[in-house]
Amino acid sequence: MRCDGKMSYKDFIFPVNPRTITIRTDRHVALSAVPGGSDVVSDLGSGARIVSGEGEFFGEGAVQSFLRLRQVMNSGGGGMLYIPSQSPIFAVAKKLVFDAVDAEGVVHYSFEFVESFDKSRGGSAAALYGDGKKTLWDISYESRVNINVLVQKNRHIRRPDVPVMPWERVVLC
């Protein structure tokens, strides 16, 4: 987990946080007409969060930073998206736009990620259930959450070197 306040996606750490970050959450609502009566509104639950924003890369490696981000986003599949002051989100990259390189070599970009509810992950991005094979050490490595943070947040798991059972919930943040 990113503890230094920098945004990251998969293994890409933004050298400078984006200038703007917007997290949109919509609810699925259906409106049905009832013959001879008023409409009926059905609340079908919350939808996936959409994370969008824009920012700049600057300095000597500005273009290389953009190209690396594009490579990570184009690699397909989902990954952990860490946003400062937010719970991590398992997300899929939807859009990356190269807006411009100005006269000073600053690369302007915008992006969009969509939260994924991939059932094979065994839980939300902020917590998961053990699989009987992985230890807290394994989970620490895969999630990039410091082992000391995992041990502190999961005092119910007595030993970090013993596999976490399927009924045991592991809190990541």
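The values are calculated or read from the model by the stated rules, or taken from the named source; none is laboratory data. Computed from a prediction, not measured in an experiment: that's the story for all the values here. Positions of Cβ are generated from backbone atoms using ideal geometry, with glycine treated the same way; all protein chains shown enter the neighbour counts. Note: areas computed on protein heavy atoms with side chains; ligands, DNA, RNA excluded. Shrake-Rupley method; radii C 1.70, N 1.55, O 1.52, S 1.80 Å.
Brief remarks on what is shown
- Here region 23-132 is treated with +1 on each Lys and Arg Cβ and -1 on each Asp and Glu Cβ, and its dipole about the Cα centre works out to around 400 debye.
- Out-of-range pairs (alpha-carbon distance over 23 Å; input LYS133/LYS153; LYS94/LYS133; LYS6/LYS153; LYS6/LYS95; LYS6/LYS134): LYS94/LYS133; LYS6/LYS134
- Amide proton proximity set for ALA127, modelled H, under 5 Å, gap of 5+: LEU172
- Between ALA103 and ASP131, residue separation times 0.36 nm minus the direct Cα-Cα distance comes to 4.8 nm.
- Helices in the chain, meaning DSSP H runs of at least 4 residues, each add -39500 (n - 2.57). Divided by all residues, the mean residue ellipticity at 222 nm is -4500 deg cm²/dmol.
- Were the residues from SER75 through ARG49 laid out at 0.36 nm apart, the gain over their Cα-Cα distance would be 7.3 nm.
- Each listed q (0.15, 0.20 Å⁻¹) maps to a log10 I(q)/I(0) for region 1-102, found by the Debye formula over equal Cα scatterers with no solvent: -0.69, -1.06.
- Subtracting the Cα-Cα distance of TRP167 and ARG19 from their residue separation scaled by 0.36 nm leaves 49.2 nm.
- Cα-based convex hull, the chain, per residue volume (Å³, whole number): 164
- Considering only SER143, LEU96, ILE83, and ranking their Cα positions along the charge dipole of the chain that arises from unit charges at the beta-carbon of Lys, Arg, Asp and Glu, the one farthest toward the positive end is SER143.
- Annotation: per residue accessible area for region 1-116 equals 56 Å², rounded to a whole number [probe 1.4 Å, protein chains only].
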